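Colleague: Here it is: the structure, laid out below.
The values are calculated or read from the model by the stated rules, or taken from the named source; none is laboratory data. Since the structure is predicted, the reported quantities are computational estimates derived from the model, not experimental observations. All Cβ positions, glycine included, derive from the backbone under ideal geometry; neighbour counts span all protein chains shown. The area values use the complete protein model at the heavy-atom level, side chains included, leaving out ligands, DNA and RNA. Shrake-Rupley method; radii C 1.70, N 1.55, O 1.52, S 1.80 Å.
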Amino acid sequence: MIGYPLEHSFSQKYFTDKFEKEGIVDCQYDLFSLKSLQEIKQVLAQNTDLLGLNITIPYKQEIMGMLASRDRIPTGLNACNCVKIVEGKLFGYNTDIIGFEKSLTPLLKPQHQNALILGNGGATAAVAYVLKKLGIETQIVSRTMHVGSTLTYDDLNESIVNKNLLIINTTPLGMFPHMEEAPSIPYGFLSGSHLCYDLIYNPEKTVFLQRAEARGAVIKNGMEMLIIQAEESWRIWNED
Ligand code: NAP
């Protein structure tokens, strides 16, 4: 995996445990903490047996410029979190899409026609892509209006919250170690018809999810998404 900083990586533990459990002895999942993406050239030169890479903050967009092919990334999606290496060339994928879609769809009900995405950052693109594909009308809520954002937190009122019965947190608010934080939305308007999904997986239940659950909403954290995207990366690295 490449990113910066990389002190706490779920993926390395996940793959190390997987290799042990499944008796895979000839594979290793390493972390490459790169201060600049240019350092990737050195990583590739010194690790010629690398099958692929996961890409995380802050390089999911920048890596796009280094890909030999981005054919497997949907048009208009400027984010790559998985690379397959073939003869030194980088082939880009986005496994966040499949992770989010597969973990979300079993929970969707007919009332989930409109969604709010909280935050407009690295992970938002995959979430917005999936919701569009599923035909769910989506608005992106940001602290200040910028490209792609359609609402600010100050705009959120009873009617907007009542209309948008699917709410997805793509901000890092509430993530370990700042577990007391939560997106600033009017939680009092949430109801049993809402589905609230948090991309965060540590802690298991963020303050956002706790408040939503207290209002009767169905809640889901980011752990299943993370596992699905990891397994999808593994499949991509090993397919012919
Ligand atoms: P990011 O790019 O650092 O932040 C996402 C967006 O959150 C920012 O662009 C910003 O949007 C908003 N934000 C950031 N700090 C904020 C603050 N203090 N207050 C309010 N809004 C704030 O993060 P990311 O890479 O998209 O990841 C977001 C979260 O998703 C992380 O917790 C990450 O671990 C998790 N994640 C999980 C999975 C999974 O598989 N479960 C996959 C990817 C990411 P605005 O500027 O528009 O307000």
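Colleague: Within the group K21, K41, which residue is open to solvent by 20 Å² or more (accessible area, probe 1.4 Å) and within 18 Å of F91 (Cα to Cα)?
Modeller: Checking each option against the conditions leaves just K41.
Colleague: Between a first residue in the stretch 211-232 that is under 20 Å from L166 (Cα atoms) and a second residue that is acidic (D, E) and outside any strand (DSSP E or B), which pairs have beta carbons less than 7 Å apart while being 6 or more apart in sequence or on different chains?
Modeller: Final answer for the pair search is I219/E213; N221/E204.
Colleague: When the residues of the stretch 77-136 are filtered to those that are more than 12 Å from the ligand (Cβ to nearest atom) and of a type in the set (K, R), which remaining residue is most open to solvent (accessible area, probe 1.4 Å)?
Modeller: The extreme case among them is K132.
Colleague: Residue check: is N162 surrounded by 13 or more Cβ atoms within 10 Å (Cβ to Cβ), touching a residue at least 24 places away in the same chain (Cβ under 8 Å) and more than 14 Å from the ligand (Cβ to nearest atom)?
Modeller: Values: surrounded by 13 or more Cβ atoms within 10 Å (Cβ to Cβ): yes; touching a residue at least 24 places away in the same chain (Cβ under 8 Å): yes; more than 14 Å from the ligand (Cβ to nearest atom): yes.
For N162, the condition - surrounded by 13 or more Cβ atoms within 10 Å (Cβ to Cβ), touching a residue at least 24 places away in the same chain (Cβ under 8 Å) and more than 14 Å from the ligand (Cβ to nearest atom) - is met.
Colleague: Continuing with the same structure: Of all residues in the stretch 105-126, count the ones that are within 21 Å of Y153 (Cα to Cα), touching a residue at least 60 places away in the same chain (Cβ under 8 Å) and not hydrophobic (A, V, I, L, M, F, W, C).
Modeller: Number of matching residues: 3.
Colleague: Restricting to the stretch 172-221, name every residue that is within 15 Å of L116 (Cα to Cα), of a type in the set (S, T, N, Q) and either part of a strand (DSSP E or B) or near the ligand (Cβ under 9 Å from one of its atoms) (or both).
Modeller: S184
Colleague: Confirm whether L156 is more than 10 Å from the ligand (Cβ to nearest atom), farther than 25 Å from I55 by Cβ and in contact with a Ser or Thr (Cβ under 8 Å, 6 or more places away or on another chain).
Modeller: Working: more than 10 Å from the ligand (Cβ to nearest atom): yes; farther than 25 Å from I55 by Cβ: yes; in contact with a Ser or Thr (Cβ under 8 Å, 6 or more places away or on another chain): no.
For L156, the condition - more than 10 Å from the ligand (Cβ to nearest atom), farther than 25 Å from I55 by Cβ and in contact with a Ser or Thr (Cβ under 8 Å, 6 or more places away or on another chain) - is not met.
Colleague: Same structure again: Residues in the stretch 143-151: is at least one away from the ligand (no atom under 12 Å from the Cβ) and open to solvent by 20 Å² or more (accessible area, probe 1.4 Å)? Before you say what the answer is, go through the steps one by one.
Modeller: Residues of the stretch 143-151 that are away from the ligand (no atom under 12 Å from the Cβ), as a first pass: none.
There is no residue in the stretch 143-151 that is away from the ligand (no atom under 12 Å from the Cβ) and open to solvent by 20 Å² or more (accessible area, probe 1.4 Å).
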